[in-house]
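Undergrad: Sharing a structure, written as structure tokens. Questions coming.
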Amino acid sequence: MTSFEASSIRTWRLAPLPWERDALEPHVGARTVELHYEKHHRGYLEKLREAIEGKPDAQLDLEELVRSSHGHVFDLAAQVWNHDFYWNSLAPDGARQPEGELRARIERDFGSFDECRRRLAEAANGHFGSGWAWLAAELDGRLRVLATHDAANPLGGGLTPLLTIDVWEHAYYLDVQNERDRYVAAVIDHLLDWEFAARNLGRAGQRG
Ligand code: FE2
């Protein structure tokens, strides 16, 4: 089970946004969310449907398809999954600080919460081109920050994603144009949901 509602390729239902479309303002505008969700996210699911409807792949859970597919189908499936995960990584009233076990693990593996935030910002701002910045747990439980290109995500490397920041231009261009660092700072300072990250860490522990 996932810690969030994922889109379904059995019913071709796009997972709903976990909040109202203007809920992230002023940091991420309602128009950005509208286009990002309705055009980009939904567009990936529709293209995936065109690619695999009626084939055995369409009987899988989305995450199973992400783990088992390659090429064009992987790109589409992963982009659907990544966006499901991204929306849930953000919350207008998200926990501003990690607590409990997650906080302890962050301090163990990064030295401090501030250093974890600094590395997340560095990964998101320094990533060349389209992609994603992630906080994830290794198989041995250690936490790490990484960036992935295009549709790639940490699932393929056996990692458990804890939260993500979309750094494709469509995530921020309407709000801040080319100033990705302003979007990244706003997400890290105001929107990341550390309770969601904690739930994902708990899930990683169950698998380990
Ligand atoms: Fe996106």
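The values are calculated or read from the model by the stated rules, or taken from the named source; none is laboratory data. Since this is a predicted model, take the numbers as computed values, not measurements. All Cβ positions, glycine included, derive from the backbone under ideal geometry; neighbour counts span all protein chains shown. In case anyone asks, the SASA skips ligands and DNA or RNA and just uses the protein heavy atoms, side chains included. Shrake-Rupley method; radii C 1.70, N 1.55, O 1.52, S 1.80 Å.
Undergrad: For Thr160, Thr11, give the ranking by accessible area with the largest first, probe 1.4 Å.
TA: The ranking, largest first, comes out as Thr11, Thr160.
Undergrad: Here's another thing I want to ask about it. Residue by residue, what Karplus-based ³J(HN,Hα) values in Hz, rounded to whole numbers, does the range 37-53 have, using 6.51, -1.76 and 1.60 with θ = phi - 60° and x for Gly and Pro?
TA: 6, 6, 9, 6, 4, 4, x, 5, 5, 5, 5, 5, 4, 4, 7, 10, 4
Undergrad: If you don't mind, another one. What is the percent carbon and sulfur in the accessible area of the chain, measuring with a 1.4 Å probe over the protein chains and ignoring ligands?
TA: 47
Undergrad: Relative to the present Cα-Cα distance, how much length would full extension add between Arg49 and Glu179 at 0.36 nm per residue of separation?
TA: 43.4 nm
Undergrad: If you don't mind, there's one more thing I want to ask. Identify, among Leu24, Gln79, Leu191, the residue whose Cα sits farthest towards the positive end of the charge dipole of the chain, taking +1 on the Cβ of Lys and Arg and -1 on the Cβ of Asp and Glu, with the dipole about the Cα centre.
TA: Looking along the dipole axis, the top candidate is Gln79.
Undergrad: To the nearest 10 square angstrom, what accessible area does Lys55 show with a 1.4 Å probe?
TA: Approximately 110 Å² for this residue.
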